[in-house]
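Student: Attaching a single structure in structure tokens format; questions to follow.
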2 protein chains.
Amino acid sequence: MRKDFGGKPFMYPQPVLIIGTYNEDGTANAMNAAWGGICGADRIIIDLSMHKTTENILREKAFTVHMADVKHETEADYLGLVSGNKVPDKLTKAGFHTTASAHVHAPIIEELPLALECELVHQTEEGIVGKIVNVSIDESVLDENGKLDPDRLEAIAFDPMNAAYLRVGGKVGNAFSDGKKLM
Amino acid sequence: MRKDFGGKPFMYPQPVLIIGTYNEDGTANAMNAAWGGICGADRIIIDLSMHKTTENILREKAFTVHMADVKHETEADYLGLVSGNKVPDKLTKAGFHTTASAHVHAPIIEELPLALECELVHQTEEGIVGKIVNVSIDESVLDENGKLDPDRLEAIAFDPMNAAYLRVGGKVGNAFSDGKKLM
């Protein structure tokens, strides 16, 4: 028996994306976004509404996208609660440190091990579209073969129905492979 | 120490979306997509490239989006490996059964407990944009308060770097709340 819930954004999982940008004065800003996704081999779309981050992206033509993780769940939530207009030093208050991306004019948050460095492609009705020009991953979350280990990354997902964060990890199976059993 | 990986779609988590559509002859089709996300309070975008599913959506102006789960990981992977053009009865081969959505002209896969029923809004450079007109959830994954329980849903995520599927679940914290500790 199924129940109807109306038109709601109940996709699972949704990412918890920490978007890094530079303010007009060169200081770093960051916010938390769950609406967005990959839309091409090197493209990402993020629906941000009108935030300081949107202004920054349109001016600087660049942004970074970090994955929030279990270790920084409180800090990631904080970045979504507080406006960069009201608390200009919110990144510092969250205990984060930044370095400049070598590829785009946007900050990388050192404490978050996975960052997508993006150039602005355009702004559409659905959101800001970025071209991912580089992915930067801290060695602490790479395995012996130099590949990202999701169980070391410990990314979190947003649970839109319960306003909660969920754990992502624990391999269930192999993509483009397990389904062959049914062929 | 961070390492560079170039321009890759390495977002974590990425969803595993099973897109349901009707073929021209009224039979049901489904495919597996990981590129896409929420882009508004009742909007979803999905990058599908040119597939039978895209043809079906543009003709029927509707589609459903189901969340792949641990229980049907093999079946979900199979739907992504096999083209509906070559195997018209791939849904049956996967052991899935469908019923017509009461809200849009698209099939609901009975075995998958969470489905978004969508009307086509438009097709953009980034993908197909749908308006979610209803969310249909099977009671088996609802908790005592009638809310979705992610640990019963057991949605899976796509791991793009390792071509694997990951588990999603296990509450880590509260959104719009935990961050207040830092305010």
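The values are calculated or read from the model by the stated rules, or taken from the named source; none is laboratory data. Predicted, not measured: the structure shown is a model, and the values here were computed from it. Backbone-built Cβ (ideal geometry, glycine too); neighbour counts: all protein chains shown.
Student: May I ask you to verify whether B:Ile44 is assigned to a strand (DSSP E or B) and at pLDDT 95 or above?
Tutor: So B:Ile44 fits the description; yes.
Student: Also, quick follow-up: Which residues, taken from the range A:6-22, are in contact (Cβ under 8 Å) with a residue 40 or more places away in the chain and not in a strand (DSSP E or B)? Working first, answer last.
Tutor: Let us first name the residues in the range A:6-22 that are in contact (Cβ under 8 Å) with a residue 40 or more places away in the chain, namely A:8-22.
Within the range A:6-22, A:Lys8, A:Pro9, A:Phe10, A:Met11, A:Tyr12, A:Pro13, A:Val16 qualify.
Student: Restricting the range B:79-132 to residues that are among the basic types (Lys, Arg) and farther than 28 Å from A:Ile44 by Cβ, which is surrounded by the most Cβ atoms within 10 Å (Cβ to Cβ)?
Tutor: Applying the filter and picking the extreme gives B:Lys90.
Student: How many residues are in a strand (DSSP E or B) and of a type in the set (S, T, N, Q) when one looks only at the range B:115-170?
Tutor: The first filter runs over the range B:115-170 and keeps only residues in a strand (DSSP E or B), leaving B:115-124, B:127-138, B:142, B:148, B:155-159, B:164-170.
Okay, now just the ones that are also of a type in the set (S, T, N, Q), so B:123-124, B:134, B:136.
Residues in the range B:115-170 being in a strand (DSSP E or B) and of a type in the set (S, T, N, Q): 4 in total.
Student: One residue is enough: does the range A:92-112 have a residue meeting the conditions in a helix (DSSP H, G or I) and facing chain B (nearest Cβ under 7 Å)? Steps first, answer last, please.
Tutor: Filtering the range A:92-112 for residues in a helix (DSSP H, G or I) gives A:92-93.
Within this subset, residues satisfying the condition of being facing chain B (nearest Cβ under 7 Å) are A:93.
Within the range A:92-112 (the criterion being in a helix (DSSP H, G or I) and facing chain B (nearest Cβ under 7 Å)), the answer is yes, since at least one residue qualifies.
Student: Another one. Failed condition for B:Ala41, given (1) facing chain A (nearest Cβ under 7 Å); (2) surrounded by 24 or more Cβ atoms within 10 Å (Cβ to Cβ); (3) hydrophobic (A, V, I, L, M, F, W, C); (4) touching a Pro at 6+ places or on another chain (Cβ under 7 Å), with all others met?
Tutor: (2)
Student: From the set of residues in the range B:140-183 that are β-branched (Val, Ile, Thr) and in contact with a Pro (Cβ under 7 Å, 6 or more places away or on another chain), which is surrounded by the fewest Cβ atoms within 10 Å (Cβ to Cβ)?
Tutor: B:Val141
Student: How many residues, within the range B:25-41, are under 12 Å from B:His105 (Cβ atoms) and either at pLDDT below 95 or not in a strand (DSSP E or B) (or both)?
Tutor: So the answer is 1.
Student: So, in the range B:52-78, of the ones that are among the aliphatic types (A, V, I, L, M) and facing chain A (nearest Cβ under 7 Å), which residue ends up surrounded by the most Cβ atoms within 10 Å (Cβ to Cβ)?
Tutor: Checking each candidate, the answer is B:Met67.
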